[in-house]
Amino acid sequence: MNRRRNKLLAFSAIALAGLAATACSSSSSSSSTPTAAAAAASGSASPSSSVNLSSVTLNVGDQKGTGAEAILKAAGLLNTLPFHVNWSDFTSGPPMLEAMASGSVDVGGVGDAPPVFAAAGGEGVVIVGARTVPTGDQDAVVVPKGSPITSIQQLKGKKIAYGSGSSGNYELLTVLTAAGLTTKDVSMVNLQPADALAAFTSGSVDAWAIWPPYVQQVVAQDGAKVLARGPQYGSPYSYEVASKSAVANPQKAAAIQVYLTTLNKAYVWAEKNPDAWGAAWAAATGLPASITDVAATVDSTTPVVVNSAVTTSEQNLVAQFYKAGLIPSAPNMSGFITSQFNASVTGG
C-alpha cells in the first residue's frame, strides 16, 4: 500500500490504479509437497496432522503495502506452498476483513486496529498470527510541504484524512490523545489511501494519518513533513487474521498453518535482506526503490507468538476506541484471538 501523488504523472496514475484494485486476483500452487506432514518434514511448516493439501484452495487477502505475495516471491517461497492460492488485493485492512467475514477471504495481513473494529461489529474473524516492528510503530501523521502546522496541538479544528478502522486510525487517536485533544476537536475525513493522497496533495485536508511506505513516498515525492511518528504512538503489532469458518475447517486450518510458517520465514528473510526486499517491493508497487528501501528498513517486522501480550494490546485498543466513541461495543478480544498456530513461529 503506497501513497500516490495527486500531480498525476504517468507513473503515479499507473501506481494508483494498481493500489486501488480491491478484488484483483491471481493464483499460485505447487504439487511438490502434497500433505501438511510432508511440508513439516521439508521444513516448510509444522502442522499437527497429515492433511492432504493438494486439493485445498486458500483465499488470501493482500495489500500491496504489506505485500505478502510480493515478499513470498522475493524470498523464493511463493511456489513452495503445497496448495492452490487465490490472491485478492485490498486498499487497506478494514475492507479485507469485511470480505473475510463474508466468506470470500480465508486469511490475510492487517494492522493493529482492523481486528478491533471487526470484533466490535461482530464479524467472524480471529487473529492467528502476529509480528512486531522492532523500531516501534512507524505509522505517522504528516502535513503538506509549506504547512504552517508544526505541532500536534495545531491540528485542532483541522481536516485530517485517515482510514476508519485502519492502523492509521489508531495512530491518529493516540497522537491526538497525547496532545490533550479528542477526535471531536478535529474534522476526521474517512478516505481510502488513493483518495486520501489526492485530498492531501490538493490541499483539501490539512494532515494525513497513514502507514509505510506511504509515509516515505509522500515525504520524498511531495515534500511532506512528519508531524508525529514513533513508538510512543500506535501499537507495535501487525497481524495475520483468518475467518473463523476457515479455522474451523481442518483442511483450511492445515493450509493456514503452512501459509503462516512460510510467510514468517519470508518476513525473517526480508528483515535480514532489506535491500533485496526493498527492490522487490518497488517492483510490486511501482514505487522508486529509493522509497521502498527506506520503508523496508524502518518498517521491518519480526514474527512473534500470539500470547497474553497480544490480547492485552488489542484490548487496550478496544478501550481507547470505545471511549472515543469510534466503535459501537467493547468486545472481549480473547474471543477473537487464537494461539493454535504458534508453531508457525516456534517450529514446534
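Checking each residue in region 228-263 for being open to solvent by 20 Å² or more (accessible area, probe 1.4 Å) and at pLDDT 95 or above picks out Lys244, Ser245, Val247, Ala248, Asn249, Pro250, Gln251, Lys252.
Within region 230-260, the set of residues being within 22 Å of Thr311 (Cβ to Cβ), out of contact with any Asp or Glu (no Cβ under 9 Å at 6 or more places or on another chain) and of a type in the set (S, T, N, Q) comprises just one member, Gln257.
Of all residues in region 155-171, those being in a loop (DSSP other than H, G, I, E, B) and within 18 Å of Asp299 (Cα to Cα) number 1. Candidates Ala161, Ala194: the one that is out of contact with any strand residue (DSSP E or B) (no Cβ under 8 Å at 6 or more places or on another chain) and either among the aromatic types (Phe, Trp, Tyr) or more than 24 Å from Glu314 (Cβ to Cβ) (or both) is Ala194.
The strands (runs of 3 or more DSSP E) found entirely in region 217-329 that carry 3 or more residues being in contact with a Lys or Arg (Cβ under 7 Å, 6 or more places away or on another chain) are 302-304. Taking (1) surrounded by fewer than 24 Cβ atoms within 10 Å (Cβ to Cβ); (2) not in a loop (DSSP other than H, G, I, E, B) in turn, Leu181 satisfies each apart from (2).
Can you work out which of the residues in region 310-345 that are of a type in the set (Phe, Trp, Tyr) and more than 23 Å from Pro250 (Cβ to Cβ) is least open to solvent (accessible area, probe 1.4 Å)? The residue in question is Phe321. Residue count for region 53-76 under the criterion of being assigned to a loop (DSSP other than H, G, I, E, B) and open to solvent by 40 Å² or more (accessible area, probe 1.4 Å): the result is 5.
The values are calculated or read from the model by the stated rules, or taken from the named source; none is laboratory data. These numbers were taken from a predicted model, which means no experiment stands behind them. Note that we place each Cβ from the backbone using ideal geometry, even for glycine, and neighbour counts take in every protein chain shown. These area figures cover heavy atoms from the full protein model, side chains too; ligands, DNA and RNA do not enter into them. Shrake-Rupley method; radii C 1.70, N 1.55, O 1.52, S 1.80 Å.
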